[in-house]
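This report refers to the structure that appears directly beneath it.
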Amino acid sequence: MTHHQPRFIFVTGGVVSSLGKGIVAASLGVLLKSQGYTVAIQKFDPYLNLDPGTMSPYQHGEVFVTDDGCETDLDLGHYERFIDESLSRVNNVTSGMIFWDVLNKERNGDYLGNTVQIIPHITNEIKHRITQTLITYPVDFVITEIGGTVGDIESLPFLEAVRQFEFENRGRSVHIHVTLVPYMEPSGEFKTKPTQHSVKDLREIGIHADVIVCRSQYELKREIKEKISLFCDVSAEAVIACLDAESIYDVPMNMENEALDEIVLEKLSMPQRPKNLDLWHSYVKTIHQKNLPVIKIAIVGKYTSLSDAYLSVVESLKHAAAANTAQIQLIWVEAETLQTEDPKFVLSDADGILVPGGFGDRGIEGMIVAAQYARERKIPYLGLCLGMHIAAIEFARNVLHLGNAHSTEFNDATPYPVIDFLPDQRAVRKKGGTMRLGAYPCMIKSGTKLYDAYQTNEASERHRHRYEFNNHYRDAFESNGMIFSGTSPGDTLIEVIELKNHPWFVACQFHPEFKSRPYRAHPLFKDFIGHCLTQMTGAVSDTRTAFDKA
Ligand code: GLN
């Protein structure tokens, strides 16, 4: 049921960054949804880039892609996985977008000769974006997370807009401030001062926090909550603890135990309804089971020290492990090491090999070694986007004997461009938002491993790439044991390739990792892990020995 008067929830953070505001916001979304309310979540990012599409994964982590082809902050991935809704381009707003729109209006003469200023022009644009999501999603609750930390210069226009909005929507908006309450081991004390200062900073801006969520290592005693309550003008009930959790998927239930949803609903004069969290409870129960089989997956990529670069891939593997009642252990392999070291040593522990998406030529040859190792040793392989290009290049070089076969992304002069530019990408010079982006249908051939996974002939998956399989090589691939199990409608573009004589070697042009949910693992990840598990139980040991002898 959609309420005629939507309610607005704002989430800001103080003291330090990386507090997990996004997880708190998403967890609240889960709890509200579990009561049958409809929820949209959005992230406002104070940086000037139009979107994170052009940012280095080192600085920003993964770029998450929505169905409608927007390159967004990785928090949108958490939101989608938690509230199980497909979000869109309206749900990630950056300062860059706000300024861009205001400056374009100025050039159009829309401000009729007025001086264009942060207040009111930028703040009006921000306020417009707060409610804009309601056009696409006429929901009961709009949760807006403001990126950055209170006190940053960049976030000031956003906070000013939120202040105005809360004033204009009194009774229909609530402000949650997430802070850190550090525990000093030597003196055995919790420190509330950073929280006090952060709330004071908010007050200076004119914002009154209604709920304070305290990230903490240990349980917060009543007296600590009372102290924060006294200094921060918030009732002790509305000071809630968010303890470090073993898994991010524990947080919705932890927040439920602290009654976050009840407090928020009460403040917004909305009724409590019966909750249904069965799917979450059973998922969380599985991930905490002891003595589950441990499946080791080697992720062979470019960014291995920073797992945030492949956040959705890692989460999808976790979901898939739970769906197989197993646990996952990641082996991070810096692709470049396979250019100098023997894969037999580097990959010997891996039950499955995954080559994720990526850009740039560092480590490419190492990824090709990994694909060859998986193909020849019959180890389950999952290739995602670039990982599919890699599988095609390896097959062309080592099975079709097309020496120097390559993707024109990495070698423009290759005699065998098995992966080439999308025809409509040739003239594109700009880098931002110019790829084949977002959801496209994929037709699935019956009788293939792909079909076994999906159990249907059509799926929708998200894309983010410029290059793809060169149709000129279709016949050669097919007559040598490669199956094109997924194509675009009309059989125009290759979406999925898989090996005929291999237990499970599947590589796709799209990014299935963006659509996996904790209690609804993505079919490709689920089957990948399923086959790793089957092989682990011994069936494959003979093949490995044969390869060693060869
Ligand atoms: N770099 C490749 C391309 O642009 C692959 C992109 C990806 O893996 N997301 O086509």
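The values are calculated or read from the model by the stated rules, or taken from the named source; none is laboratory data. If you're wondering where the values come from, they're calculated on a predicted model, not measured in any experiment. Positions of Cβ are backbone-derived with ideal geometry, glycine not excepted, and every protein chain shown enters the neighbour counts. Protein only, heavy atoms only, side chains kept; ligands, DNA and RNA dropped before computing areas. Shrake-Rupley method; radii C 1.70, N 1.55, O 1.52, S 1.80 Å.
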Could you identify the single residue in 102, 24, 90, 65 that is touching a helix residue (DSSP H, G or I) at 6+ places or on another chain (Cβ under 6 Å), buried (at least 23 other Cβ atoms within 10 Å of the Cβ) and of a type in the set (Val, Ile, Thr)?
65
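Per-residue answers, yes or no, for (1) assigned to a helix (DSSP H, G or I); (2) under 25 Å from residue 201 (Cβ atoms); (3) at pLDDT 95 or above; (4) of a type outside the set (Lys, Arg):
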site: 113; (1), (2), (3), (4): no, no, no, yes
site: 138; (1), (2), (3), (4): no, no, no, yes
site: 143; (1), (2), (3), (4): no, yes, yes, yes
site: 149; (1), (2), (3), (4): no, yes, no, yes
site: 153; (1), (2), (3), (4): no, yes, no, yes
site: 163; (1), (2), (3), (4): yes, yes, yes, no
site: 166; (1), (2), (3), (4): yes, yes, yes, yes
site: 176; (1), (2), (3), (4): no, yes, yes, yes
Could you list, in sequence order, all residues of segment 343-395 that are touching a helix residue (DSSP H, G or I) at 6+ places or on another chain (Cβ under 6 Å), within 13 Å of the ligand (Cβ to nearest atom) and open to solvent by 10 Å² or more (accessible area, probe 1.4 Å)?
357, 358
Checked segment 471-501 for anything within 16 Å of the ligand (Cβ to nearest atom) and open to solvent by 30 Å² or more (accessible area, probe 1.4 Å); matches are 471, 493
Spot the failing condition for residue 401; the list is (1) more than 16 Å from the ligand (Cβ to nearest atom); (2) within 24 Å of residue 316 (Cβ to Cβ), and only one is missed.
(2)
Can you go through 206, 171, 147 and tell me which one is of a type in the set (Gly, Ala, Ser) and under 27 Å from the mean Cα position of the chain (by Cα)?
147
Which one of the conditions (1) under 32 Å from the mean Cα position of the chain (by Cα); (2) within 23 Å of residue 28 (Cβ to Cβ) does residue 234 fail to meet, given that it meets all the rest?
(1)
I need a count of the residues in segment 40-62 that are out of contact with any Ser or Thr (no Cβ under 8 Å at 6 or more places or on another chain) and open to solvent by 10 Å² or more (accessible area, probe 1.4 Å).
8
May I ask you to list the residues in segment 100-141 that are of a type outside the set (D, E, K, R), touching a His at 6+ places or on another chain (Cβ under 9 Å) and touching a residue at least 60 places away in the same chain (Cβ under 8 Å)?
139, 141
Tell me, yes or no, whether segment 121-140 has at least one residue that is within 25 Å of residue 196 (Cβ to Cβ) and open to solvent by less than 40 Å² (accessible area, probe 1.4 Å).
no
